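Contents: one structure, followed by commentary.
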Amino acid sequence: MYRALALDVCGVLTSHKSVWQFIHEELGLWDGKAIRFQEEFRAGTITYREFCELDAALWEGRSAADMTGIVACLPYREGIGELFETARELNLKTALISTGLTLLTDRIAAEFTVDYVAANHLTTKDGVFTGGVDVLVPHDGKGRELIRFARHVGVALSEIIAVGDGSSDIPMFREAGCAVGFGHALDGTGAVVGITVDESLPALAGLLGRTLATD
């Protein structure tokens, strides 16, 4: 019997693939600037921590309230409420495990009531971003967070359904009892995904219902 659900955030609960990129685009910092950091990380010339630090440094001096307002405009995928309602009906503990930012995960957790949240945190002083970042969930860190989630809510790893859409989800998939690939263009996850579902939150909610009904 599955007792918990761990969700990647960007690309799953939102159609936009990265809250980092969304903020940069809204501020006019993506093309010709922040996109270079992503390219360098993917090429292996900088570490994930360096990538996050370079990204965050571009926001030094920005008002935390203004940044929160920007992220409040990032749209959810249709059906997010149905997904969390289904999880509650099935008595599933829920987690958001993201290499994105707490600016987004805290918003989702407040709106839909989530049991565990893990994401990266931008540092502030007197309501202003310092340009620093606490990298709490690195690119290879989701497996460790899944273990922490399991301990936090008192379930076995084998009792967790993990949902994601990219290579950073692979460590989480390897620890979970059931690995669900969201969408069919999965970034290097094929070898560890047990089930795939259409890129639709109602479809994911339906899958949860069917999976739990058979256990």
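What follows is calculated from the coordinates using simple rules that are stated; it is not laboratory data. Computed from a predicted structure; not experimentally measured. Cβ coordinates were reconstructed from backbone atoms using ideal geometry, including for glycine residues, and neighbour counts include every protein chain displayed.
Selection of segment 57-66 for residues being closer than 12 Å to Gly131 by Cβ and either within 22 Å of the chain's Cα centre (by Cα) or of a type in the set (Gly, Ala, Ser) (or both) yields Ala57, Leu58, Trp59, Gly61.
If I filter segment 143-156 down to residues being part of a loop (DSSP other than H, G, I, E, B) and aliphatic (A, V, I, L, M), which single residue comes out as surrounded by the fewest Cβ atoms within 10 Å (Cβ to Cβ)?
Residues of segment 143-156 that are part of a loop (DSSP other than H, G, I, E, B), as a first pass: 154-156.
Those left that are additionally aliphatic (A, V, I, L, M): 155-156.
Working: Val155: 18, Ala156: 10.
The selected residue is Ala156.
So Glu60 fits all but one of (1) crowded, with 18+ Cβ neighbours inside 10 Å; (2) touching a Ser or Thr at 6+ places or on another chain (Cβ under 8 Å); what number is the exception? The failed condition is (1). Of Asp140, Asp169, Asp165, Asp126, all but one fail to be surrounded by 18 or more Cβ atoms within 10 Å (Cβ to Cβ), out of contact with any strand residue (DSSP E or B) (no Cβ under 6 Å at 6 or more places or on another chain) and acidic (Asp, Glu); the exception is Asp169.
Hey, among Glu78, Glu39, which residue is among the charged types (D, E, K, R) and more than 22 Å from Gly183 (Cα to Cα)? Steps first, please.
On the way: Glu78 fails: more than 22 Å from Gly183 (Cα to Cα).
On inspection, the qualifying residue turns out to be Glu39.
Of all residues in segment 82-106, those satisfying the criterion of being closer than 21 Å to Ile23 by Cβ and either surrounded by fewer than 17 Cβ atoms within 10 Å (Cβ to Cβ) or without any contact (Cβ under 8 Å) to a residue 24 or more places away in the chain (or both) are Thr102, Asp106. Of all the listed residues (Ala203, Ala109), the sole one being closer than 25 Å to Leu74 by Cβ, of a type in the set (A, V, I, L, M) and surrounded by fewer than 18 Cβ atoms within 10 Å (Cβ to Cβ) is Ala203. Would you confirm, using the coordinates I've provided, whether Arg144 is of a type in the set (Lys, Arg) and either without any contact (Cβ under 8 Å) to a residue 24 or more places away in the chain or in contact with a Phe, Trp or Tyr (Cβ under 9 Å, 6 or more places away or on another chain) (or both)? So Arg144 does not fit the description; no.
Inclusion of Asp134 among residues that are of a type in the set (Asp, Glu), touching a residue at least 12 places away in the same chain (Cβ under 8 Å) and over 23 Å from Ala72 (Cβ atoms) is not warranted.
Hand me the list of helices (runs of 4 or more DSSP H) wholly inside segment 50-127 holding 3 or more residues that are over 27 Å from Glu40 (Cβ atoms) and in contact with a Phe, Trp or Tyr (Cβ under 8 Å, 6 or more places away or on another chain).
Numbers: elements: 64-72, 80-89, 102-112.
Here the list reads 80-89.
For every residue, the table says whether it meets (1) among the small types (Gly, Ala, Ser); (2) out of contact with any Gly (no Cβ under 9 Å at 6 or more places or on another chain); (3) farther than 25 Å from Tyr2 by Cβ.
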| position | (1), (2), (3) |
| --- | --- |
| Cys73 | no, yes, yes |
| Ala87 | yes, yes, no |
| Ala119 | yes, no, no |
| Arg151 | no, yes, no |
| Ile160 | no, no, no |
